[in-house]
Every structure is written in C-alpha cells, then in structure tokens.
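The values are calculated or read from the model by the stated rules, or taken from the named source; none is laboratory data. Keep in mind that what you see is a predicted model, and the values were worked out from it rather than measured. No Cβ is skipped: glycine too gets one built from the backbone with ideal geometry, and neighbour counts run over all protein chains shown. The accessibility values were calculated without ligands, DNA or RNA, using every heavy atom of the protein model including side chains. Shrake-Rupley method; radii C 1.70, N 1.55, O 1.52, S 1.80 Å.
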Amino acid sequence: MFIATAIILIILIIVTGILVVPFHIYLNIYNTGFKITGTFRLTWMKIKLIQREIPPEKQAPKKENERENKFEISSIPKILSLLVESWPYLERVFNSFLKSTSFEIFSLNLILGLGDPADTAMVSGYFWAASSLLNLIPNAYISLEPDFLNEKIEADATLKIKIRLFWIVVELIRAFTKKPVRALLKELRETRG
C-alpha cells in the first residue's frame with residue numbers, strides 16, 4: 001500500500017512539474033541570399049528535449065505502398081460550420097495560450113540592398129519608422145542596415161518564448177468536454193484519412 005501511494009505521489013509531482021514549470025522555445029533563423037538555415041530547440045528545466053536544424057536533413061523517400069491522404073473539398077463547409085459552433089470554447093483556449101506565453105527575446109537584424117540607392121533609402125526609412133514603434137516593446141530588438149551598393153537581403157532572427165502549460169491544459173480539457181469541439185475534431189480526423 002505504501003509503495004502504491006509513493007508511486008502515485010511521484011507521478012502527481014512529475015505531472016505538476018510539467019504543467020507548472022515553463023518550457024522554453026528557442027528559434028534562430030539565418031538568411032543569406034536564398035539559403036535559410038537555423039536551429040529550433042525546446043528545453044524544460046534546462047534539459048534539452050528537442051533540437052532540430054532548419055532545413056531538416058534529407059528525408060527518406062516515400063515507399064510505394066504508402067497511401068496518400070486525399071482531402072475532399074466537399075467537407076470544408078461542414079468543418080467551417082463546426083468551427084463557428086465551437087469558436088467560443090476554442091477562443092478560451094487561444095486566450096489561455098496568449099496569457100501563458102511570454103516573449104523573452106525577439107531580435108531581427110536585417111541587411112537590405114535593393115540595387116538602387118534611392119529605393120533602398122526609402123524602404124529603410126519606412127522600416128526604421130515601423131521598427132522604432134516595435135522597439136518600444138520590451139525585449140524586442142529590430143534593426144536594419146542598408147546596403148546602397150549591392151542588391152541583397154540578409155537576415156538574422158532570434159525568438160525565445162516561455163510557455164507554461166497549466167492553464168492551456170485546463171482550457172483544452174474544458175473545451176474537449178463540449179460537443180461542438182469533439183464533433184470538429186472527429187470531422188478533422190476523418191478528413192485526414
């Protein structure tokens with residue numbers, strides 16, 4: 001009896017830890033010319049759970065005997081009507097997601113050259129006007145370096161997000177108890193194949 005109680009208590013502590021301790025999402029993207037590279041990392045309590053390179057390594061080719069999913073356009077009106085019916089419940093999930101998410105860092109460094117110095121200066125001015133407003137947001141850093149001689153676009157973007165799952169899971173469970181949401185999920189599952 002004592003061992004079963006201890007196991008249940010340990011499971012509850014682990015589940016509570018997963019729901020309360022935030023997950024950190026790191027996304028770094030670099031653009032040089034037409035080549036986009038970067039990394040994606042998901043950590044929890046400084047433990048790296050997922051790390052992927054962007055673009056991913058070459059994937060294995062599909063086997064011939066695998067069936068392909070066919071999407072039927074005739075199911076779109078039914079999905080849209082179910083989405084409208086379930087929107088009040090999904091809106092609560094979306095709001096809880098926004099409340100549980102906080103941006104730690106958003107950084108964008110852009111090098112822009114349009115080939116014509118006048119066009120580059122005009123676009124740079126518009127960008128600097130917009131970025132001055134966006135830089136008022138805490139932890140947002142946006143900068144542009146114009147290149148008046150060359151035609152190029154290079155970018156370096158970094159995004160760090162912290163997400164706590166507790167309220168998201170609570171609202172998801174609350175939404176799954178409603179019939180329109182379950183019907184929407186059933187219809188989406190059937191259209192996927």
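For the range 60-183, with all protein chains in place and a probe radius of 1.4 Å, 64% of the accessible heavy-atom surface sits on carbon or sulfur. Distance between the modelled labels on TRP44 and LEU159, one decimal in nanometres: 2.1 nm (7 Å Cα→Cβ projection). Once the 1.4 Å probe is applied to the protein heavy atoms, the chain comes out at 76 Å² accessible per residue. For the chain, the relative contact order is 31 percent, taking Cα pairs closer than 8 Å that sit 6 or more residues apart in sequence and dividing their mean separation by the residue count. The helix-based estimate of mean residue ellipticity at 222 nm for the chain, built from -39,500 (n - 2.57) per DSSP H run of four or more residues and divided by its residue count, is -15000 deg cm²/dmol to the nearest 500. Cross-linked pairs LYS99/LYS179; LYS46/LYS179; LYS46/LYS186: Cα-Cα separations exceed 32 Å for LYS46/LYS179; LYS46/LYS186. Values [x] 61, 45, 24; [y] 74, 49, 40; [z] 45, 43, 33 are given for comparison; Cα extents along the principal axes in Å, derived from the coordinates here, is the one labelled [y]. Rounded to the nearest 5, what is the percent of antiparallel bridges among the DSSP beta bridges in the chain? Roughly 85 percent of the DSSP beta bridges within the chain come out antiparallel.
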